[in-house]
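Undergrad: Supplied in C-alpha coordinates, the structure appears directly below.
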Amino acid sequence: MAEHKLDPNKWITLYSDYLFNYTITRVSDREIAQDLVQETFLAGLKSMTNYKGEASERTWLISILKRKIIDHYRKINSNKGKAEVRMSYNSDSETEGDWLEERVADPFDKTAEDKIENTELGTAIHECLSKLPEKQAKVFKMKTILGHETENICNELNITASNLWVIIHRARTAMASCMEKNWF
Amino acid sequence: MSNIKLECHEANHICDKNQYKEASFLEKVKLTIHLIYCRACRQYTRKNTKLTKLVNNPKVQALDATAKEDLQNVFERELVKQQQDH
(Lines give C-alpha, C1' and ligand atoms only; values in the text may rest on other atoms or scores of the structure.)
Protein backbone atom coordinates (compact mmCIF):
# COMPACT_ATOMS: atom_id res chain seq x y z
CA MET A 1 0.00 0.00 0.00
CA ALA A 2 1.35 3.37 -0.98
CA GLU A 3 2.12 5.83 1.75
CA HIS A 4 1.04 8.89 -0.15
CA LYS A 5 -2.04 9.33 -2.22
CA LEU A 6 -2.87 11.76 -4.97
CA ASP A 7 -5.89 13.96 -4.73
CA PRO A 8 -5.97 16.13 -7.85
CA ASN A 9 -9.03 18.06 -6.70
CA LYS A 10 -6.92 19.93 -4.20
CA TRP A 11 -3.81 20.42 -6.26
CA ILE A 12 -4.57 23.94 -7.41
CA THR A 13 -5.43 25.32 -4.00
CA LEU A 14 -2.59 23.58 -2.25
CA TYR A 15 0.32 23.80 -4.61
CA SER A 16 -0.24 26.32 -7.38
CA ASP A 17 1.43 29.19 -5.53
CA TYR A 18 4.31 27.05 -4.44
CA LEU A 19 4.90 25.75 -7.93
CA PHE A 20 4.45 29.18 -9.43
CA ASN A 21 7.00 30.69 -7.12
CA TYR A 22 9.39 27.86 -7.85
CA THR A 23 8.99 28.47 -11.57
CA ILE A 24 9.19 32.23 -11.54
CA THR A 25 12.56 32.20 -9.83
CA ARG A 26 13.78 30.07 -12.69
CA VAL A 27 12.16 31.52 -15.79
CA SER A 28 11.44 35.09 -14.60
CA ASP A 29 8.41 35.65 -16.76
CA ARG A 30 4.96 35.51 -15.24
CA GLU A 31 3.18 34.24 -18.31
CA ILE A 32 5.64 31.51 -19.12
CA ALA A 33 5.64 30.49 -15.48
CA GLN A 34 1.87 30.26 -15.46
CA ASP A 35 1.90 28.12 -18.59
CA LEU A 36 4.51 25.82 -17.16
CA VAL A 37 2.56 25.38 -13.93
CA GLN A 38 -0.54 24.58 -15.91
CA GLU A 39 1.32 22.06 -18.05
CA THR A 40 2.70 20.48 -14.92
CA PHE A 41 -0.71 19.97 -13.40
CA LEU A 42 -2.05 18.49 -16.62
CA ALA A 43 0.95 16.23 -17.05
CA GLY A 44 0.56 15.14 -13.44
CA LEU A 45 -3.04 14.28 -14.11
CA LYS A 46 -2.11 12.20 -17.12
CA SER A 47 0.59 10.23 -15.39
CA MET A 48 -1.20 9.72 -12.12
CA THR A 49 -1.05 5.99 -12.63
CA ASN A 50 2.74 6.14 -12.60
CA TYR A 51 2.79 7.63 -9.14
CA LYS A 52 4.30 5.15 -6.76
CA GLY A 53 3.52 6.94 -3.55
CA GLU A 54 7.13 7.16 -2.47
CA ALA A 55 7.38 10.93 -2.51
CA SER A 56 4.86 13.42 -1.23
CA GLU A 57 2.44 14.89 -3.70
CA ARG A 58 4.27 18.18 -3.83
CA THR A 59 7.67 16.63 -4.38
CA TRP A 60 6.24 14.60 -7.19
CA LEU A 61 4.70 17.65 -8.84
CA ILE A 62 7.94 19.57 -8.45
CA SER A 63 9.83 16.80 -10.19
CA ILE A 64 7.46 17.07 -13.14
CA LEU A 65 7.82 20.83 -13.09
CA LYS A 66 11.60 20.57 -13.20
CA ARG A 67 11.35 18.57 -16.43
CA LYS A 68 8.98 21.15 -17.85
CA ILE A 69 11.38 23.98 -17.04
CA ILE A 70 14.27 22.12 -18.64
CA ASP A 71 12.16 21.49 -21.73
CA HIS A 72 11.29 25.15 -21.86
CA TYR A 73 14.94 26.14 -21.89
CA ARG A 74 15.74 23.55 -24.52
CA LYS A 75 13.07 24.99 -26.72
CA ILE A 76 14.22 28.60 -26.50
CA ASN A 77 17.83 27.60 -26.87
CA SER A 78 17.27 25.82 -30.13
CA ASN A 79 15.74 29.02 -31.48
CA LYS A 80 18.58 31.10 -30.20
CA GLY A 81 21.17 29.02 -31.99
CA LYS A 82 19.82 30.21 -35.32
CA ALA A 83 20.01 33.87 -34.44
CA GLU A 84 23.01 36.00 -35.05
CA VAL A 85 24.89 37.09 -31.97
CA ARG A 86 25.73 40.75 -31.94
CA MET A 87 27.68 42.50 -29.26
CA SER A 88 28.24 46.17 -29.04
CA TYR A 89 30.69 47.40 -26.53
CA ASN A 90 29.64 51.00 -26.64
CA SER A 91 25.93 51.39 -26.57
CA ASP A 92 25.76 54.85 -25.04
CA SER A 93 28.07 57.79 -25.38
CA GLU A 94 28.44 58.35 -21.67
CA THR A 95 30.48 55.26 -21.09
CA GLU A 96 32.37 55.47 -24.35
CA GLY A 97 36.04 54.79 -23.95
CA ASP A 98 35.64 52.86 -20.71
CA TRP A 99 37.50 49.63 -20.43
CA LEU A 100 35.40 46.55 -20.61
CA GLU A 101 36.33 45.71 -17.04
CA GLU A 102 34.64 48.82 -15.81
CA ARG A 103 31.39 47.80 -17.33
CA VAL A 104 30.87 44.50 -15.64
CA ALA A 105 28.40 44.41 -12.78
CA ASP A 106 29.71 45.36 -9.40
CA PRO A 107 30.84 42.09 -7.85
CA PHE A 108 29.94 43.32 -4.38
CA ASP A 109 26.48 44.19 -5.45
CA LYS A 110 25.14 40.67 -5.73
CA THR A 111 27.08 37.70 -4.57
CA ALA A 112 26.30 34.14 -5.53
CA GLU A 113 25.09 33.55 -2.03
CA ASP A 114 22.58 36.35 -2.29
CA LYS A 115 21.18 34.72 -5.35
CA ILE A 116 20.84 31.30 -3.80
CA GLU A 117 19.18 32.86 -0.80
CA ASN A 118 16.77 34.72 -3.01
CA THR A 119 15.68 31.72 -5.01
CA GLU A 120 15.04 29.72 -1.89
CA LEU A 121 13.31 32.50 -0.03
CA GLY A 122 10.12 32.30 -2.03
CA THR A 123 9.76 28.60 -1.45
CA ALA A 124 10.48 29.03 2.25
CA ILE A 125 7.73 31.60 2.52
CA HIS A 126 5.24 29.45 0.71
CA GLU A 127 6.22 26.54 2.88
CA CYS A 128 5.35 28.59 5.96
CA LEU A 129 2.19 29.85 4.31
CA SER A 130 0.99 26.32 3.70
CA LYS A 131 1.17 25.66 7.43
CA LEU A 132 -1.24 28.47 8.24
CA PRO A 133 -4.99 27.97 8.43
CA GLU A 134 -6.43 28.42 4.98
CA LYS A 135 -8.16 31.72 5.61
CA GLN A 136 -5.15 33.32 7.25
CA ALA A 137 -2.94 32.19 4.42
CA LYS A 138 -5.34 33.55 1.86
CA VAL A 139 -5.68 36.95 3.48
CA PHE A 140 -1.98 37.24 4.11
CA LYS A 141 -1.19 36.34 0.54
CA MET A 142 -3.66 38.82 -0.91
CA LYS A 143 -2.59 41.62 1.34
CA THR A 144 1.12 41.13 1.54
CA ILE A 145 2.33 39.37 -1.57
CA LEU A 146 -0.22 40.45 -4.12
CA GLY A 147 -0.62 43.87 -2.51
CA HIS A 148 -4.40 44.20 -2.75
CA GLU A 149 -6.17 47.06 -1.02
CA THR A 150 -7.73 46.35 2.35
CA GLU A 151 -11.12 47.39 1.05
CA ASN A 152 -11.03 45.02 -1.90
CA ILE A 153 -10.08 42.07 0.25
CA CYS A 154 -12.85 42.86 2.69
CA ASN A 155 -15.40 43.01 -0.10
CA GLU A 156 -14.22 39.85 -1.73
CA LEU A 157 -14.10 37.75 1.40
CA ASN A 158 -17.02 39.48 3.06
CA ILE A 159 -15.26 40.48 6.27
CA THR A 160 -14.90 43.76 8.14
CA ALA A 161 -11.69 45.75 8.24
CA SER A 162 -11.03 45.06 11.89
CA ASN A 163 -11.66 41.41 11.18
CA LEU A 164 -9.06 41.55 8.48
CA TRP A 165 -6.48 43.14 10.74
CA VAL A 166 -6.97 40.48 13.36
CA ILE A 167 -6.41 37.78 10.74
CA ILE A 168 -3.38 39.63 9.43
CA HIS A 169 -1.99 39.96 12.92
CA ARG A 170 -2.33 36.24 13.61
CA ALA A 171 -0.91 35.33 10.26
CA ARG A 172 2.04 37.66 10.71
CA THR A 173 2.84 36.30 14.14
CA ALA A 174 2.73 32.74 12.87
CA MET A 175 4.70 33.57 9.75
CA ALA A 176 7.35 35.44 11.72
CA SER A 177 7.98 32.55 14.07
CA CYS A 178 7.87 30.02 11.24
CA MET A 179 10.38 31.99 9.21
CA GLU A 180 12.48 32.49 12.31
CA LYS A 181 12.77 28.74 12.62
CA ASN A 182 13.30 27.88 8.99
CA TRP A 183 15.08 30.85 7.59
CA PHE A 184 17.34 32.69 9.99
CA MET B 1 -3.59 64.07 25.97
CA SER B 2 -4.28 60.97 27.95
CA ASN B 3 -4.67 58.90 24.80
CA ILE B 4 -1.07 59.36 23.80
CA LYS B 5 -0.33 56.18 25.70
CA LEU B 6 -1.23 53.03 23.83
CA GLU B 7 -2.24 49.62 25.03
CA CYS B 8 -0.05 46.85 23.68
CA HIS B 9 -2.70 45.43 21.41
CA GLU B 10 -3.27 48.87 19.91
CA ALA B 11 0.44 49.24 19.38
CA ASN B 12 0.56 45.91 17.60
CA HIS B 13 -2.32 46.91 15.40
CA ILE B 14 -0.54 50.10 14.37
CA CYS B 15 2.62 48.14 13.81
CA ASP B 16 0.74 45.77 11.51
CA LYS B 17 -0.76 48.67 9.62
CA ASN B 18 2.62 50.30 9.37
CA GLN B 19 3.96 47.24 7.55
CA TYR B 20 1.65 48.17 4.71
CA LYS B 21 2.34 51.89 5.10
CA GLU B 22 -1.20 52.48 6.22
CA ALA B 23 -0.55 54.01 9.62
CA SER B 24 -1.14 57.74 10.02
CA PHE B 25 1.52 60.10 11.23
CA LEU B 26 -0.03 60.48 14.66
CA GLU B 27 -0.27 56.71 14.99
CA LYS B 28 3.37 56.33 14.15
CA VAL B 29 4.32 58.89 16.78
CA LYS B 30 2.25 57.07 19.35
CA LEU B 31 3.77 53.76 18.38
CA THR B 32 7.28 55.13 18.70
CA ILE B 33 6.53 56.47 22.14
CA HIS B 34 5.05 53.15 23.16
CA LEU B 35 8.11 51.30 21.88
CA ILE B 36 10.35 53.39 24.11
CA TYR B 37 9.02 51.76 27.22
CA CYS B 38 7.52 48.47 26.01
CA ARG B 39 9.98 45.71 25.45
CA ALA B 40 7.53 43.09 24.18
CA CYS B 41 6.21 45.40 21.48
CA ARG B 42 9.73 46.31 20.49
CA GLN B 43 10.38 42.68 19.84
CA TYR B 44 7.15 42.24 17.94
CA THR B 45 7.94 45.26 15.80
CA ARG B 46 11.39 43.96 15.08
CA LYS B 47 10.09 40.58 13.96
CA ASN B 48 7.30 42.13 11.98
CA THR B 49 9.64 44.43 10.09
CA LYS B 50 11.93 41.54 9.33
CA LEU B 51 9.04 39.57 7.89
CA THR B 52 7.99 42.50 5.74
CA LYS B 53 11.48 42.80 4.36
CA LEU B 54 11.49 39.13 3.44
CA VAL B 55 8.09 39.16 1.83
CA ASN B 56 8.79 42.31 -0.15
CA ASN B 57 11.67 40.59 -1.83
CA PRO B 58 10.83 40.49 -5.55
CA LYS B 59 11.56 36.78 -5.61
CA VAL B 60 8.47 36.13 -3.55
CA GLN B 61 5.57 35.74 -5.92
CA ALA B 62 2.10 34.33 -5.92
CA LEU B 63 -0.54 33.71 -8.51
CA ASP B 64 -3.27 36.30 -8.57
CA ALA B 65 -6.89 35.30 -8.26
CA THR B 66 -7.84 35.43 -11.94
CA ALA B 67 -4.85 33.41 -13.04
CA LYS B 68 -5.65 30.84 -10.42
CA GLU B 69 -9.24 30.66 -11.56
CA ASP B 70 -8.16 30.12 -15.16
CA LEU B 71 -5.87 27.39 -14.01
CA GLN B 72 -8.63 25.79 -12.00
CA ASN B 73 -11.00 25.88 -14.96
CA VAL B 74 -8.59 24.31 -17.40
CA PHE B 75 -7.64 21.73 -14.86
CA GLU B 76 -11.17 20.77 -13.98
CA ARG B 77 -12.06 20.25 -17.62
CA GLU B 78 -9.13 17.87 -17.94
CA LEU B 79 -10.11 16.15 -14.75
CA VAL B 80 -13.61 15.46 -16.01
CA LYS B 81 -12.21 14.17 -19.27
CA GLN B 82 -9.85 11.94 -17.38
CA GLN B 83 -12.59 10.47 -15.27
CA GLN B 84 -14.73 9.78 -18.30
CA ASP B 85 -11.94 7.81 -19.88
CA HIS B 86 -11.74 5.46 -16.98
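The values are calculated or read from the model by the stated rules, or taken from the named source; none is laboratory data. What you are looking at is a predicted structure, and each value in this text was computed from that prediction instead of being measured. Ideal geometry is used to build each Cβ from the backbone, glycine not excepted, and the neighbour counts take in all protein chains shown.
Undergrad: Pull out all pairs, ordered by first then second residue, where Cβ-Cβ is under 8 Å, the residues are six or more apart or on different chains, the first lies in region B:33-62 and is within 8 Å of chain A (Cβ to nearest Cβ), and the second is at pLDDT 90 or above and not in a helix (DSSP H, G or I).
TA: Between residues of region B:33-62 that are within 8 Å of chain A (Cβ to nearest Cβ) and residues that are at pLDDT 90 or above and not in a helix (DSSP H, G or I), there is no close pair.
Undergrad: Please specify each residue of region A:37-51 satisfying the condition of being under 23 Å from residue B:64 (Cα atoms) and aromatic (Phe, Trp, Tyr).
TA: A:41
Residues are listed down the side, and each one gets a yes or a no for (1) closer than 21 Å to residue A:144 by Cβ; (2) at pLDDT below 90:
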{"site": "B:25", "(1), (2)": "no, no"}
{"site": "B:38", "(1), (2)": "no, no"}
{"site": "B:45", "(1), (2)": "yes, no"}
{"site": "B:59", "(1), (2)": "yes, yes"}
{"site": "B:66", "(1), (2)": "yes, yes"}
{"site": "B:84", "(1), (2)": "no, yes"}
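Undergrad: Select from region A:1-60 the residues that are in a loop (DSSP other than H, G, I, E, B) and within 15 Å of the chain's Cα centre (by Cα) and list them in ascending order.
TA: Within region A:1-60, A:28, A:29 meet the criteria.
Undergrad: Let me ask something additional. Inside region A:163-184, can you point out the residues that are facing chain B (nearest Cβ under 10 Å), over 14 Å from residue A:136 (Cα atoms), free of Cβ contacts under 8 Å to residues at least 40 places away in the same chain and part of a helix (DSSP H, G or I)?
TA: A:177, A:180
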